[in-house]
Structure formats: C-alpha cells, structure tokens
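So the structure is just underneath, and the comments pick up after that.
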Amino acid sequence: MKNIFLYISLIISTISFGQRPGGNPPGGERIRAMKVGMITNELKLTESQAEKFWPIYNNYSEEKNEIHQEIRRLSKRPGEDLSNNELMKRQDKILELQQDELNITKKYRDNFLRVISAQQYSSLMAAERKFNQMLLDKLKERRGIE
C-alpha cells in the first residue's frame, strides 16, 4: 500500500514539475504519467531511490526535450528558398544539437549512478527506448500507417 501511494505521489509531482509555460500538447500529462509508471516499474525503484531519482530525471528530460524541440523546429522549416550553404549550416546545427543531446546523456549518467545501480541505469535507457517506440507505434496505428 505504501508503494502505491509513493507511485501516485511521484506521478503527480512529475506532472506538476514537468509542466512548461505556454501549455502542454494534448494528452501530455497522461503520456508523462504513463512514462513515469513504466520507468518506475522497469527500474523497480525503492522509495529512497525514487525520491532522489525523479528530480534528476525531470531535469534530464527537460534538457533533452529542449534540444528535441529545436531539432524539430529546424527540421520542419522548408529549405526550398535557402542556398546550399544555408542548408548545410542548418544541417550542421542539427548535428551540433544531436551531439549536445549525447553530452547531456553522458553528463546525467553520473548523476543517475549516484542514485541507482548500473543495472537500473541500463534498464532506464531500455525503458525510454521501449516507451518511445510504443508511442510511435500508437501514432502509426491512429494514422493508419503500416
């Protein structure tokens, strides 16, 4: 019973701290809650670990999300009116952002390993990939894409 209360409070706090100014995409809170539940389940966090883990994870996730938004912004803009040089500069910026994302993952790895085991960290990386693939599959299913 104590664990159920902990998980519910973690989900609520994650949703509260994870909200950004300017609003969230539709279903954003529900998706975040699903992700928190999946990660908590996959990592089998103790109460003590969970208290330390989620603030680190929220910061990590926020930093990565900012980079993803910038990459999406650069990738969505049509390049038909840009010169070859400008297109290459845009691609260089995207590559730089992807490197920044990798650097964030490396930076936070040490922070995570102060709280969770190497096995749990490995499970975290796998759970994130699994969750993202699940979201993509659901999106394809809704759009009728094979």
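Annotations for the structure displayed:
- Selected residue (criterion: surrounded by the fewest Cβ atoms within 10 Å (Cβ to Cβ)) from residues of the stretch 105-120 that are among the hydroxyl-bearing types (Ser, Thr, Tyr) and in contact (Cβ under 8 Å) with a residue 12 or more places away in the chain: THR105
- Selected residue (only one of GLU66, GLU146, GLU101, GLU96 is at pLDDT 95 or above, in contact with a Lys or Arg (Cβ under 9 Å, 6 or more places away or on another chain) and not hydrophobic (A, V, I, L, M, F, W, C)): GLU101
- Taken over the stretch 40-63, the criterion of being among the β-branched types (Val, Ile, Thr) and at pLDDT 95 or above is satisfied by ILE56 alone.
- Some residue of the stretch 70-83 being at pLDDT 95 or above and among the polar types (S, T, N, Q): no
- When we screen LEU74, LEU124, LEU97, LEU102 for residues that are surrounded by fewer than 13 Cβ atoms within 10 Å (Cβ to Cβ), on the phi < 0 side of the Ramachandran plot and assigned to a helix (DSSP H, G or I), the only hit is LEU102.
- Hey, ILE31 touching a helix residue (DSSP H, G or I) at 6+ places or on another chain (Cβ under 8 Å), under 20 Å from MET134 (Cα atoms), surrounded by 14 or more Cβ atoms within 10 Å (Cβ to Cβ) and of a type outside the set (Lys, Arg) or not: yes
The values are calculated or read from the model by the stated rules, or taken from the named source; none is laboratory data. These figures come from a predicted structure and were not determined experimentally. In this analysis, Cβ positions are derived from the backbone assuming ideal geometry, glycine residues included, and neighbour counts consider all displayed protein chains.
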